[in-house]
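Colleague: Once you've had a glance at the structure underneath, I'll fire off some questions.
The values are calculated or read from the model by the stated rules, or taken from the named source; none is laboratory data. Because the structure is predicted, anything quoted here is derived from the model rather than measured. FYI the Cβ positions are ideal-geometry reconstructions off the backbone, even for glycines, and counts take in every protein chain you see. SASA here: full protein model, heavy atoms, side chains in, ligands and nucleic acids out. Shrake-Rupley method; radii C 1.70, N 1.55, O 1.52, S 1.80 Å.
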Amino acid sequence: MPRPDSGPPAGTPAAVPAATAGLPPLRLNGRALGRFAIMGVVNRTPDSFFDRGATFGFRAALDAVARAVDQGADIVDIGGVKAGPGDEVDVAEELRRVVDVVAAVRDRHPDVVISVDTWRAEVGEAVAAAGADLLNDTWGGPDPRLAEVAAAHGIGLVCAHAGGLEPRTRPHRTGYADVVADVARHVTAEARRAADLGVRRDAILIDPAHDFGKNTRHSLEITRRLGELTATGWPVLVAVSNKDFIGETLGRPVDQRGVGTMAVLGVSARLGARVFRVHDVAGARRALDAVAALGP
């Protein structure tokens, strides 16, 4: 059943904070999110590219959520499958990794927005029942039923672009006539389809998915031209934290990409991005507070 919204009754005008006036509305877990919302990453995987399994354990995952919330995360994004190639993780194993964590986070942190990084409708159904507020499909819609799940449960959906890749694969000599146009065409079509299925428009985000089906040149081009995506009228999520395009640009390994990440976050914020998926919540909060201090 769709989740009841704790907002004002129908017909009651909601107050719009000055910082978000004129921006696309974004409402999850019964509350409006501000100009910049931070999504903290919590990986329930033993082989994450960044933390190498540091939050794979149940208790470690819950502790990571608590730290993220304490540091200012508006959203926590729980994932049970490594994005890149690796050991097979079937539906049963993904469910084992994420459902109990979602339920525990819902119980401990009723106000935080819970996102689950999955492309599978079966997983989406289970985590929605456990209390998730957002399904983060980073692979661009390989399972069209996921949007139906979001609509049925009254929760949100991230519509991303992966260039048609199968989940957990890497591109080989990928090319686009215009990568930003290709991204915009795909994500807006997915967003419109989700809205037509009944997902609330103010609970739909679009994500260019830097590095997914893209090389470094593509990801840099998307960053430079991010304003073309924010101009579509859909709230934009950027997930650039410690990614390969930053490492390749700066010649830095994964544990030395923090400064580059913050630079890209700042540029993305000034170009209108609304949600920022990061590993370093405290650092991102400081960086985005500095951007906000610059004014509109």
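Colleague: Step by step: first the residues of the stretch 85-102, then only those that are out of contact with any strand residue (DSSP E or B) (no Cβ under 8 Å at 6 or more places or on another chain) and under 16 Å from Leu62 (Cα atoms), then the one that is surrounded by the fewest Cβ atoms within 10 Å (Cβ to Cβ). Which residue is that?
Modeller: Arg96
Colleague: Among the residues of the stretch 94-119, write down those that are over 19 Å from Ala203 (Cα atoms) and either among the basic types (Lys, Arg) or in contact with a Cys (Cβ under 6 Å, 6 or more places away or on another chain) (or both).
Modeller: Arg96, Arg97, Arg108
Colleague: Scan the stretch 154-167 and give yes if some residue there is free of Cβ contacts under 8 Å to residues at least 40 places away in the same chain and under 16 Å from the mean Cα position of the chain (by Cα), otherwise no.
Modeller: no
Colleague: For the stretch 101-132, which positions are touching a helix residue (DSSP H, G or I) at 6+ places or on another chain (Cβ under 8 Å) and touching a residue at least 60 places away in the same chain (Cβ under 8 Å)?
Modeller: Val112, Ile114
Colleague: Against the condition without any contact (Cβ under 8 Å) to a residue 40 or more places away in the chain and among the basic types (Lys, Arg), how does Arg170 come out, does it pass?
Modeller: No, not satisfied.
Colleague: Within the stretch 231-248, can one find any residue that is more than 16 Å from the chain's Cα centre (by Cα) and β-branched (Val, Ile, Thr)?
Modeller: yes
Colleague: Residues that are under 18 Å from the mean Cα position of the chain (by Cα) and under 21 Å from Ala21 (Cα atoms): does the stretch 279-291 have at least one?
Modeller: Taking every residue of the stretch 279-291 in turn, at least one turns out to be under 18 Å from the mean Cα position of the chain (by Cα) and under 21 Å from Ala21 (Cα atoms).
Colleague: What are the pairs, 6+ residues apart or on separate chains, where a residue within the stretch 234-257 that is open to solvent by less than 30 Å² (accessible area, probe 1.4 Å) has its Cβ under 6 Å from a residue that is in a helix (DSSP H, G or I) and of a type in the set (A, V, I, L, M, F, W, C)?
Modeller: Trp234/Ala191; Val236/Leu229; Val240/Val264; Asn242/Val254; Arg257/Ile246
Colleague: List the number of the failed condition for Val105; all other conditions in (1) within 27 Å of Thr188 (Cβ to Cβ); (2) open to solvent by less than 10 Å² (accessible area, probe 1.4 Å); (3) of a type outside the set (Phe, Trp, Tyr) hold.
Modeller: Going through the list (1) within 27 Å of Thr188 (Cβ to Cβ); (2) open to solvent by less than 10 Å² (accessible area, probe 1.4 Å); (3) of a type outside the set (Phe, Trp, Tyr), Val105 breaks only (1).
Colleague: For Ala162, are the conditions met, namely being touching a helix residue (DSSP H, G or I) at 6+ places or on another chain (Cβ under 8 Å) and of a type in the set (A, V, I, L, M, F, W, C)?
Modeller: Criteria not met by Ala162.
Colleague: Considering only residues that are assigned to a helix (DSSP H, G or I), closer than 18 Å to His210 by Cβ and open to solvent by 70 Å² or more (accessible area, probe 1.4 Å), which ones fall in the stretch 268-296?
Modeller: Result: Arg270, single match.
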